[in-house]
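The structure appears right after this line, and notes come after that.
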């Protein structure tokens, strides 16, 4: 009889635990939500994070606040979310840089692939290779030809260690057998200012920030890094039209602590997907040269895992120094 009671008690406890997850999702949210952005205020990523937070708060009927936690190429803020409770009240908004960190650092205080769960990819961004118009580089072909003719003489702007924009040029160097020298800056903003001033010859920049300067002639767009041409700049070719196989993704997505129950992940993903359908959101994101997604958690997870592997290979091939 005692054995029967013990078995029954274990069964009841198991059922209670299984039922608690759906209940948590049904009562969520009951307090404000914090979205950690692992960079300083201002800039393209910050603007999109705040747009999502505002609309998500309207749907969930609780305040959704963006908290900027900058440092170590975003690793400090990302680690804070990885250590947080998986109750849905602490989320991470991060660009594709999060997939690059494991390739650049000997040790991180967290494992992006294990300690965080991808909730939804909010948007797909467009990056492009741009040149200062005072150079005689008028096309991607001319850039490659000049870099081959004068190894190590051309320079490019780097927006920081473990950054998608730097890897864009590093990938191009590997794929074309060229050599250009990186000039480091603290973020895309200062790097863009340097490119506009002619301090560097070329750089990979986001369409969102560079589009006004391209339209007024202060920057020259050479090629977009995505597999397809950008609707915002249909006359600009893709890198892959000249360098087959080249593709550099730029995206923003929402992550949660890995301990978050699957039903709560699905709930948040559905809410983000609904925000992505909002006409005002779509217009704001698309006017900045991006595409709205609101993908499923599973699709985002597969993309994230594949890019972690890809960037590790890029860093190895480019022989870039690892960070402590």
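In this entry, residue 286 is excluded by the filter for residues that are part of a loop (DSSP other than H, G, I, E, B), surrounded by fewer than 16 Cβ atoms within 10 Å (Cβ to Cβ) and within 20 Å of the chain's Cα centre (by Cα). Of all the listed residues (270, 301, 220), the sole one being in the same structural domain as residue 55 (by TED's automatic domain parsing) and farther than 23 Å from residue 100 by Cβ is 270.
Residue check: residue 294 meets all listed conditions (1) surrounded by 14 or more Cβ atoms within 10 Å (Cβ to Cβ); (2) assigned to a helix (DSSP H, G or I); (3) touching a strand residue (DSSP E or B) at 6+ places or on another chain (Cβ under 9 Å) but one, namely (2). In the set 171, 180, only one residue is more than 29 Å from residue 296 (Cβ to Cβ) and either touching a helix residue (DSSP H, G or I) at 6+ places or on another chain (Cβ under 6 Å) or assigned by TED's automatic domain parsing to the domain that holds residue 45 (or both); that residue is 180.
Please tell me if residue 109 is under 30 Å from residue 295 (Cα atoms) and buried (at least 17 other Cβ atoms within 10 Å of the Cβ). No. Here 295, 259, 226 are screened, and the one residue that is in the same structural domain as residue 121 (by TED's automatic domain parsing) and under 16 Å from the mean Cα position of the chain (by Cα) is 295. Do we have residue 314 as outside any helix (DSSP H, G or I) and either over 30 Å from residue 173 (Cα atoms) or touching a residue at least 40 places away in the same chain (Cβ under 8 Å) (or both) here? No: the conditions fail for residue 314. Annotation: of all residues in segment 114-144 being part of a loop (DSSP other than H, G, I, E, B), touching a strand residue (DSSP E or B) at 6+ places or on another chain (Cβ under 9 Å) and modelled with pLDDT of 95 or more, the one that is surrounded by the most Cβ atoms within 10 Å (Cβ to Cβ) is 137.
The values are calculated or read from the model by the stated rules, or taken from the named source; none is laboratory data. The model shown is predicted, which means the values in this text are computed figures rather than measured ones. All Cβ positions, even for glycine, are placed from backbone atoms using ideal geometry, and neighbour counts span all protein chains on display.
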